[in-house]
Amino acid sequence: MSVGKRRQPSLAQLRAFAAVAEHLHFRDAAAAIGMSQPALSGAVSALEETLGVTLLERTTREVLLSPAGERLAVRAKAVLVEVGALMEEAEAVRAPFTGALRLGVIPTVAPYLLPTVLRLVHDRYPDLDLQVHEEQTASLVDGLTTGRLDLLLLAVPLGVPGVAELPLFDEDFVLVTPLDHWLGGREGIPREALRELNLLLLDEGHCLRDQALDICREAGREDAPVTTTAAGLSTLVQLVAGGLGVTLLPRTALKLETTRSSQLLTGYFADPAPTRRVALAMRTGAARAAEYEELASALRDALRPLPVRMLGEQRLGAGSGTRPP
């Protein structure tokens, strides 16, 4: 048979194989792509027959990639990413702000910004099918670069090749303490105070944890101040209310998280306070880049009522009238 007449794999076969290569489990792979397990197994077998190579090593306990499978999984994923880009390009040409937009958001941003994002999309882009995925940063970046997600809302910088950032705002961190803490309610707290505090942090994998540790190192603290951790900011704040320590919160989270307890006080750092930057992130050269840039601009306007600083604007400081009561 000549090369020109050789059978070609279908996209369904490639998608099934890529899912198995990622999960190394037929049931999990089938669930991930919305395919029945028998259909997925049949698609992978058909792909092996079409390519003339064994892609998987199946045992009673596990699924492993063969040496050929290891090599071809990379190619299959690249093909699927390009097909996704083709569909995205066609969608962008057909009509802007229509069709699906798969937005990934980190947990330390989602509860505080999503209400504004959802309201903006509903009011201004009613034909946009916004699909939200809350995941940690590493998973979101992987989803963006592999084509599973279209746009991210998270803390930057990421420093990932092939990913472009559209900054939205900077926000300060504040210190949340129990009522009887000596720094509770104070302003002008020096960063050096973090050297001696029992600081409670999020679990590993959260970028906010890494940012807090960076702030501690900048303050001259060399040890990792971790005795108790939490999976989310709500739990973290409740631990503070219970007297287990203090924590750092971004300003956008302050109102929602601290109003649930009367046992908390907020302290503010001296300028320049520790900060984080929140941005949208997209694939460099994305077909819908113009839409994402317009969305970023609209979001900056919509987020102005929050205690944040848009780029180029004057930073919020003590006595500016912008601190919560």
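The values are calculated or read from the model by the stated rules, or taken from the named source; none is laboratory data. Here the structure is a predicted model, which is why all the values come from computation and not from measurement. Cβ coordinates were reconstructed from backbone atoms using ideal geometry, including for glycine residues, and neighbour counts include every protein chain displayed. Accessible surface is based on the protein model in full, side chains and every heavy atom, while ligands, DNA and RNA are left aside. Shrake-Rupley method; radii C 1.70, N 1.55, O 1.52, S 1.80 Å.
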- [ ] Collect the residues in segment 111-129 that are buried (at least 16 other Cβ atoms within 10 Å of the Cβ) and more than 23 Å from Cys207 (Cα to Cα), keeping them in residue-number order.
- [x] Leu120, Val121, Tyr125, Leu128
- [ ] Answer yes if at least one residue in segment 96-109 is farther than 17 Å from Met282 by Cβ, more than 22 Å from the chain's Cα centre (by Cα) and in a helix (DSSP H, G or I), and no otherwise.
- [x] no
Open item on the list: Just to be sure I understand, how many residues within segment 74-95 are under 17 Å from Leu128 (Cα atoms) and in a helix (DSSP H, G or I)?
Closed with: 8
TODO: Report yes if Leu175 is touching a Ser or Thr at 6+ places or on another chain (Cβ under 9 Å) and farther than 19 Å from Ala279 by Cβ, otherwise no.
DONE: yes
- [ ] Could you give me the residue pairs with C-beta distances under 6 Å whose first residue belongs to segment 57-77 and is at pLDDT below 90, whose second residue is surrounded by fewer than 18 Cβ atoms within 10 Å (Cβ to Cβ) and polar (S, T, N, Q) wherever it lies, and which are 6+ apart or on separate chains?
- [x] Glu57/Ser66
- [ ] Scan segment 18-38 for residues that are out of contact with any strand residue (DSSP E or B) (no Cβ under 9 Å at 6 or more places or on another chain), open to solvent by 50 Å² or more (accessible area, probe 1.4 Å) and either at pLDDT 90 or above or not basic (Lys, Arg) (or both) and report the count.
- [x] 10
Open item on the list: Return the residues of segment 181-205 that are in contact (Cβ under 8 Å) with a residue 60 or more places away in the chain and of a type in the set (Asp, Glu); say none if nothing qualifies.
Closed with: Glu187
Task: Scan of segment 110-120 for residues that are among the hydrophobic types (A, V, I, L, M, F, W, C) and farther than 16 Å from Met282 by Cβ, ordered by number - done: Ala110, Leu113, Leu114, Leu118, Leu120
Task: Residue list for segment 139-150, filter: open to solvent by less than 30 Å² (accessible area, probe 1.4 Å) and either assigned to a helix (DSSP H, G or I) or small (Gly, Ala, Ser) (or both) - done: Leu140, Val141, Gly143, Leu144, Gly147
Open item on the list: Leu201 - would you say it is open to solvent by 60 Å² or more (accessible area, probe 1.4 Å) and over 23 Å from Arg309 (Cα atoms)?
Closed with: no
Open item on the list: Give all pairs with beta carbons closer than 6 Å in which a residue from segment 145-162 that is more than 13 Å from Val109 (Cβ to Cβ) and free of Cβ contacts under 8 Å to residues at least 24 places away in the same chain meets a residue that is open to solvent by 40 Å² or more (accessible area, probe 1.4 Å) and aromatic (Phe, Trp, Tyr); count only pairs at least 6 apart in sequence or on separate chains.
Closed with: none
Task: Lone qualifier among Arg71, Arg75, Arg7, Arg15 - being under 32 Å from the mean Cα position of the chain (by Cα), more than 30 Å from Ala289 (Cβ to Cβ) and open to solvent by 50 Å² or more (accessible area, probe 1.4 Å) - done: Arg71
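Every residue, every condition in (1) of a type in the set (Ser, Thr, Tyr); (2) under 23 Å from Asn198 (Cα atoms); (3) within 21 Å of the chain's Cα centre (by Cα), yes or no:
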{"position": "Ala241", "(1), (2), (3)": "no, yes, no"}
{"position": "Glu257", "(1), (2), (3)": "no, yes, yes"}
{"position": "Ser262", "(1), (2), (3)": "yes, yes, no"}
{"position": "Thr266", "(1), (2), (3)": "yes, yes, no"}
{"position": "Ala270", "(1), (2), (3)": "no, yes, no"}
{"position": "Met282", "(1), (2), (3)": "no, no, yes"}
{"position": "Arg288", "(1), (2), (3)": "no, no, yes"}
{"position": "Ser297", "(1), (2), (3)": "yes, no, yes"}
TODO: Mind listing whichever residues of segment 183-198 are at pLDDT below 90 and open to solvent by 60 Å² or more (accessible area, probe 1.4 Å)?
DONE: Glu192, Arg195, Glu196, Asn198
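Here is a yes/no grid of residues against (1) in a strand (DSSP E or B); (2) on the phi < 0 side of the Ramachandran plot; (3) open to solvent by less than 10 Å² (accessible area, probe 1.4 Å):
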site: Leu152; (1), (2), (3): yes, yes, yes
site: Glu165; (1), (2), (3): yes, yes, no
site: Glu171; (1), (2), (3): yes, yes, yes
site: His181; (1), (2), (3): no, yes, no
Open item on the list: Need a quick list: strands (runs of 3 or more DSSP E) entirely within segment 207-298 having at least 1 residues that are of a type in the set (A, V, I, L, M), open to solvent by 20 Å² or more (accessible area, probe 1.4 Å) and at pLDDT 90 or above.
Closed with: 264-267
Task: Residue satisfying all of: in segment 44-68; among the acidic types (Asp, Glu) and under 15 Å from Ala16 (Cβ atoms); most open to solvent (accessible area, probe 1.4 Å) among these - done: Glu49
